1. Quick one: how many residues across the stretch 5-32 are in contact with a Leu (Cβ under 9 Å, 6 or more places away or on another chain) and among the charged types (D, E, K, R)?
2. How about the stretch 30-46: which of its residues are under 17 Å from V20 (Cβ atoms) and not β-branched (V, I, T)?
3. Scanning the stretch 3-17 for residues that are among the hydrophobic types (A, V, I, L, M, F, W, C) and not in a helix (DSSP H, G or I), which turns out nearest to the chain's Cα centre (by Cα)?
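All of the numbers you see were taken from the coordinates with simple rules; none came from a lab. Bear in mind that the values here come from a model prediction, so they are computed numbers and not experimental data. Note that each Cβ is placed from the backbone with ideal geometry, even for glycine, and that neighbours are counted across all protein chains shown.
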Amino acid sequence: MPEELVTVASYATAQEAQIVKGLLESHGLLVFLQDEHTIRMYRLYSNALGGVKVQVPSSNLRAAREILSPPQDASERRTEPEADWGICPRCGNRDVELCLNIQPSLFSLVRLAFLFFRPKDELECRGCRHVWQGIRTEVGS
C-alpha cells in the first residue's frame, strides 16, 4: 500500500511552491505539488483551493519541517544587510538603500513614436530620508 502524502506547507503561487520543492528535493526528499497546474492556469483560484500544497510522504514529514523551519541559533541568522551602499552624506547613517526611479526620457519620438524609460540610480538614507545621486561609497574610507 502506498504511503500517505501529507501537506508540509502551502503557497499562493506555483513559483513559490517550486522553490520549496527544489529545496526539499535537494535534501533527498520525495516531493509532490497538489493543485499546481490548476493555480497556474487560474491564479484567482489560489485562495479557494488553499494554494499550491507541498506534500511529502508521511515518513518524511519531520525532516521536511526541519528543513523549512527558520534557524533557531542566533549565530546562524544573517544580520548584515545584503549590500552596503555606504554612508549618508547628511547624517552619517550607514542604513542606506538603493532607489530605482524610472524617469521618462524622450528619445527619437519622431522615429520611434514612443517613450523610453531609463532608470536613474539614487541612494536614500533610511534615517533622515535624504536622497542623493551618487556612486557607492566604501564604508570606512
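1. Final tally of qualifying residues: 1.
2. L30, F32, L33, Q34, D35, E36, H37, R40, S46 - these are the residues of the stretch 30-46 that are under 17 Å from V20 (Cβ atoms) and not β-branched (V, I, T).
3. Only one residue fits best here, namely A12.
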